[in-house]
1. Here are the criteria: (1) surrounded by 13 or more Cβ atoms within 10 Å (Cβ to Cβ); (2) not in a helix (DSSP H, G or I). Tell me which single one residue 25 does not satisfy.
2. Restricting attention to segment 43-69, and to residues there that are closer than 17 Å to residue 27 by Cβ and among the charged types (D, E, K, R), which single residue is surrounded by the fewest Cβ atoms within 10 Å (Cβ to Cβ)?
3. Filter segment 75-84 for residues that are assigned to a helix (DSSP H, G or I) and more than 15 Å from residue 30 (Cα to Cα) and give the result.
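No lab work stands behind these numbers, since they all come straight from the coordinates. Quick caveat: nothing in here was measured; it's all calculated off a predicted structure. Glycine gets a Cβ as well: all are built from the backbone with ideal geometry, and neighbour counts include every protein chain shown.
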Amino acid sequence: MHLVKCQGGRMQTTFYQNRTVLTRPDTLPYIFRKLRINRNMTKRRIAEKFSVSEGYVQAVESGQKFPSIRYCLRCANEFGANPQWVKNKYAKEALQRYTIRLNQRLGIEN
């Protein structure tokens, strides 16, 4: 794989270049998806348990939607993750996502 320069000046492989920010391995949606799969839970079961639609779970896991803090904390509770860690991670990802969207609107290259 080839290295390319990405946002923040870090070098990443081209494997991650085509992924959305939300589907990279270091993000909450990716982590929660892996935990769900490891526990043999379906998207439907998660949706029913959290009172959200199955489409919402699919959209979050595929990177089409940014998860709500409520969804993230419910996942943390379900999978035994530290809620404070989830809150901090959520805040960092929300800020990163906001910065990217703002730069896109302003036409600023990173």
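1. Condition (1) is where residue 25 drops out.
2. Residue satisfying both the conditions and the ranking: 65.
3. Scanning segment 75-84 gives 77, 78, 83, 84.
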